[in-house]
Amino acid sequence: EAEELYRQASDYFKLNKLYQRLGRWSDAIAVAEVHDRMHLSSTHFACAKNLEAKGDVEGALKNYEKAGPAGLSEIPRMFLRFGLVQPLKDYVQRVQKPFLYTWYGQYLESTGKGKEAEEYYRQAEDWAALVRLSWAKSDLDGARKICRDSGDSNATYQHAKYLQDYCTAPGGVEGKGELLKEVVDGYSYSGRVGAALRLARAYDMEAELIKLSMQAVYSDEGAGGTATAGAMQAARFYETKGDYARAAALYQKIGQTDKAISLCLATQQYDALRKLADYLSPETTDQATMERCAKVLIEQKYYDKAVQLLACSKQLEKAVAMCEDYDVPITEELAEKLTPKDRDHPKYRELLLAIGDLSKQHGLYALACKKFTQAGDKIRAIKALLRSGDTEKIIFYAQTARAKEVYVLAANSLQSLDWFNNPELEKNIVAFYTRAKATDQLSRFHQARAHRAIDEHQDVEGAIAALEEALAVVDKDPDSSPTHDCSTMKSGLEVLRKFAAAKKSAETEPRTSLVACGSLLQSSELKDSPLRPGDVYAFMAQLFHTNGQTSDAAEVVKRMIHQSITPSVYIPRKLLQEIGFGGLPRESSDAPVEDDSIEDEIVEEIGVS
C-alpha cells in the first residue's frame, strides 16, 4: 500500500528508501536510475554495504565502483577486511587510480615494506610521500632530487619542513647557513612566503629577506595571513636599517598607504613616492595627502605622477594645464580620470576639448574623437578620426553622428581609398553625400566613377550609367551646380552614347563604326567626356585587326604616336606585337598635338568616306 501511495505521489526518493528497507535492492536501483538519479550513487553505496555485510565481495565490489569516489575509497578496506591481499594488489594494478596506488603504498609502508611502497607512490606521483621516505632513510640528496625532478610544491614544502627541523635540532650542523637558505627557497617556491619571511628574519638572512619582501611587493596576489605579518616585520626591519624605499613599498603592499607616504615624505624618498602614486586613490588616501604628494612630485619634476594625483584629487583644470605645459603622455585611463564626472561642471566642455587636443597630439585619434564628441564638437571629432585612417571606425562614426558636415568629411576621406574596386566603400560614399544633400559633391563623385570606368576597365556602359546618375542628381537640385557643369556632363554623355553605338555597330557595319569614331576624334566635345582619344584609337586599331586590315591598324598606331599618345596604354601588348609595334614604351600623355587635319587624314587613308 505504501509503495502504491509513493508512486501516485511521484515521491521516488521515499519509494527508493522503502525498497532499501525491504531489501529489494534491484528495485531500489531501478527507481533511482529512472526517477531519482540524484541518489543513484548513494543507492549503490548502500547496496554495496549490505552485500559486504553478507560476505558477497564480488557484488559489493561492483556496487562500490558504481557509487563513485566515495565507493572506490571503501574497496581497499573491504579487501583487507576479508584478508584478500593479493586480490587487492591485482585490483589496484588493474584500475590504475592514483589514490589507490597511494592507499596501497601506505598499507605496504605500515607493514614495513618501504621499498615496495616507494614504487606505488611513484605510480601515484605522490612526491611528498617519497620525500618523507627519503628523510626516513636520512637520504637528503634523494629528497632534493625528488623535489627538483618533480617540481611539486607539496613535496618541496615537506622537504623544507624536514630540513628546518634538521637545522634547528640541538647540536651543530655543518653548513647550516646554506641549508637554511635552502629552507627559505623551499618555502618561497611552495607559496609559504610568511614562513620564509619569519625564518629569514629570525636568522638575519638579509639577502633572502630582500628577495622575499620584493616578491611580496610585486606579487599579483593579495597579501594576507602570515605573509602580511611577515611583510610587516620585514618593513620594520628595513626601516630600522635605513632602507626607507623598501620599507615604504612593503607598507603600501600590506595596505598601510598613509604610513608609506609619511615615510617617503619624512625621509625624502621621492622616487619611492613616485612609484606609490600609482596606488593612490580617493578610496585609500585622503585628498589633503594626495595634494601634498602632488606638490612634492611637481617640485621634483615628476609631472606624470603629479597629474595622476591632481586628477584623483579633483583638480582637473590644473592637471590638464600641466599636461599641456609639460607634454605629459596621455593614456585612455588618464583621459578618463581627467574627464569631469558631472556634466554641470563649469569647465566641462573646455576640459573635454583640451583632453581631445592632447589625445590628438599623442596620436590617440580614436580617444580624441571620443572626447570631442563628449564635448559636442562632432566636426573636430571626425577630423581626428580621419587622421587615424581606420575606415571601419570612420564609417561607423559618420553613420551614428548624423551631421551634414560629418557625412561630407567622411565621404571626402573615403574617396582617397580604392573605392572603385570596393562596392561597400562606393555605396557608403554615395549614401553619405546623399544624406548630407551635398548635390555638387555627389554629382562630381558620379563623374569620377564614369572616368574610372573608362580608365580602368574601358566600361563604356558603366561610364554612361554613372554620368546619367550624376545628371539625375543635378536635375533634383538644379541650383546646386553651375550651368556649364550640366552642359559639360550632357555633352560628355552624348559622346559616350555615340561611342557605345559605334562599338555596337562594329560587328555588322564596321565602316559605319569607323566613320563614327573618326567623327568623335574630330569632335570638340570629346575633351569634356570621360572618353579619351586613346580609347577611340584603340577601338579602331582592334577593329581593323579583327577585319584583317593590319596595315590600317598600324596606321592608327602611328597616328597615336604622332599625337603623343602612348599606344601600349590603350592597346594590349599582344595586339601591338601582331601589327608590328611590340617594343613601344608604356609612358603616356593624352595631350593631342594641335593638328585639326589628322582625324580627316586617317579617315581618308583607311578608305572610309
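A short reminder: the numbers here are calculations on the coordinates, not readings from a lab. Predicted, not measured: the structure shown is a model, and the values here were computed from it. Here the Cβ positions follow ideal geometry from the backbone for every residue, glycine too, while neighbour counts run over all protein chains shown.
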What distance in nm separates the simple spin-label points at Thr512 and Thr400, each placed 7 Å from Cα in the Cβ direction?
5.9
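Quick check: net charge around Leu72, other residues with Cβ under 9 Å of its Cβ, Lys/Arg +1 and Asp/Glu -1?
Details: positive: Lys97; negative: Glu65, Glu74.
Net charge around Leu72: -1.
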Which of the peptides 181-188, 2-9, 332-339 is most tightly packed, and how do the rest follow, going by the mean number of other Cβ atoms within 10 Å of each residue?
181-188, 332-339, 2-9
If every alpha-carbon in the chain counts as one equal scatterer, what log10 I(q)/I(0) does Debye give at q = 0.07, 0.10, 0.11 1/Å?
-0.84, -0.99, -1.08
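What is the packing order of peptides 379-391, 121-133, taking the mean over residues of other C-beta atoms within 10 Å and listing the highest first?
Those peptides, ordered most packed to least, come out 121-133, 379-391.
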Taking the alpha-carbon distance from Lys14 and a cut-off under 15 Å, which aspartates and glutamates remain once sequence neighbours fewer than 8 residues away in the same chain are dropped?
Glu1, Glu3, Glu4, Asp27, Glu33, Asp36
Determine, for each peptide in 502-510, 529-537, the mean count of other beta carbons within 10 angstrom over its residues, then list the peptides with the highest first.
529-537, 502-510
Pairs to check: Lys504/Lys527; Lys383/Lys527; Lys341/Lys427; Lys49/Lys97. Give those whose C-alpha atoms are more than 31 Å from each other in this structure.
Lys383/Lys527; Lys341/Lys427
